[in-house]
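What follows is one structure encoded as structure tokens, with my remarks underneath.
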Amino acid sequence: MISSNLKKRSYTSLSLLLILFLMFNFKLLFIYIFIITGALSVLEFIQICKKIFNKKIYVIISYTFFSAILLTIFSLIVFFISFIQIKITIFIILLGCISSDVGGFIVGKLLQGPKLTKISPNKTISGAFGSLLFSCICVSVIFFYFNQNFTLKPLIVGLITSLAC
């Protein structure tokens, strides 16, 4: 069971990295995938709101509107400011998300333990700590590679990235 899920997550992660590489080299593909990802993010956010707020439509609409505004602001920043630092930042965040997902899965399956939340019914407390740990390690290693020094900032970025995932 672990090996098939781990394989699936590994293939997904490698596919995301390939798409990310192609996005950075072809601007039109970048814009297209960014729009598709944004739309899918809003739809996923609506589903999560339905689980949390027991289908109270006014709460779901207000949260969806708020998330759409944040997504639009982020999109405008990425589209109009195309410095290499933003591309590296997106790359680091994506790798932090991937390592958070893989870390939560591996540690959660190995250590198991009590369930964490109803939003993600298979997420355990040990898996949540594994997510935080793997994300912090991955982001710290990448920051160290680019900067050749270690600070606490990558740990904070890793924690925020993992919590956001």
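Judged by the mean number of other Cβ atoms found within 10 Å, the most tightly packed of the peptides 89-101, 39-51 leads the ranking 89-101, 39-51. Between F65 and L40, the simple spin-label model (points 7 angstrom out along Cα→Cβ) gives 2.8 nm.
Put a dot 7 Å past each Cα toward the Cβ at L163 and V141; how far apart are the dots in nm? The modelled label-to-label distance comes out at 2.4 nm.
Taking a threshold of 32 Å on the Cα-Cα distance, which of the pairs K27/K115; K7/K51; K51/K109; K27/K51; K27/K50 fall above it? Flagged as over cut-off: K27/K115; K27/K51; K27/K50.
Computed from the coordinates by the stated procedures, all read-outs in this text should not be read as laboratory data. These numbers come from a predicted model, not from an experiment. Every residue, glycine among them, receives a Cβ derived from its backbone with ideal geometry; neighbour counts consider all protein chains shown.
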